[in-house]
Amino acid sequence: MITRLVGLLTIPLWVIAMSSILLIGVIRHDDAAIRAFLQPSTECSTPCWEGIRPGVTTIEDMTRILEENGWIRDRQFNYSMEIDTGLLTWRWRDPPSPFIESQRIGISWVQHNIVQWIDLPTRLTFGEVWLIFDHPLRGAIQTSSVIPKRINHYASYHEQDWLQVRSTIFCPVRTRDFWQSPVNVLIGSLPVIEMENYRLPHWLSCS
């Protein structure tokens, strides 16, 4: 009896969730343009973003690409304990895509002078990404902050996890906020975070 009741309660929640996704798809961006933004050109083997290849490109080459194209206004490198290792951050001037949120910083992790991953803030929502790429392969949920209580939701769209998206959601998780939360796109030669088989978060909870 209890199992049947839970199943009946789950159906309207799923209908609400899918309705929210469909609404996003009607009013937002062109699918082909989003695919072109998230998927590298055939001239650059994956993982790749604008000619920058995590796992291959040096920090010198990356900063040259960013600056020569006029995409950034300034940058900063915060060194870690290892040689030529640390976090590169930059502020945008004229980003190469309208999907990039220019009011938030770009981030890249560099290890031994080689770019390992790039974190791009975007105007895209997780619902838009889901509509195009469907169910993620793997995912993860981590606590982002306790006060206010938030979680980081990760979804991977590649077998080697080089293409991930991250959204930050207040708790308890509500369906509309979840699907319409803006995402950061994570492009890397190594997983940014360990992934498991993907599952949606539990609605109205923090897990």
(request) Being modelled with pLDDT of 95 or more, surrounded by fewer than 14 Cβ atoms within 10 Å (Cβ to Cβ) and of a type in the set (D, E, K, R) narrows it down to one of ASP74, ASP61, so name that one. (result) ASP74
(message) Take GLY188 and tell me if it is within 22 Å of GLU50 (Cβ to Cβ) and among the small types (Gly, Ala, Ser).
(response) yes
(request) Report yes if ILE118 is of a type in the set (A, V, I, L, M), under 15 Å from the mean Cα position of the chain (by Cα), over 20 Å from SER189 (Cα atoms) and buried (at least 16 other Cβ atoms within 10 Å of the Cβ), otherwise no. (result) no
(message) Could you go through the range 15-30 and let me know if any residue there is in contact with a Ser or Thr (Cβ under 9 Å, 6 or more places away or on another chain), closer than 27 Å to GLY106 by Cα and modelled with pLDDT under 95.
(response) yes
(message) Just the residues that are of a type in the set (Ser, Thr, Tyr) and in a strand (DSSP E or B), please, taken from the range 73-84.
(response) TYR79
(message) Looking only at the range 40-59, count every residue that is in contact (Cβ under 8 Å) with a residue 40 or more places away in the chain and either more than 24 Å from ASP161 (Cα to Cα) or not aliphatic (A, V, I, L, M) (or both) and tell me the total.
(response) 10
(request) Could you identify the single residue in ILE118, ILE147 that is in contact (Cβ under 8 Å) with a residue 60 or more places away in the chain and hydrophobic (A, V, I, L, M, F, W, C)? (result) ILE118
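The values are calculated or read from the model by the stated rules, or taken from the named source; none is laboratory data. Since the structure is predicted, the reported quantities are computational estimates derived from the model, not experimental observations. Ideal geometry is used to build each Cβ from the backbone, glycine not excepted, and the neighbour counts take in all protein chains shown.
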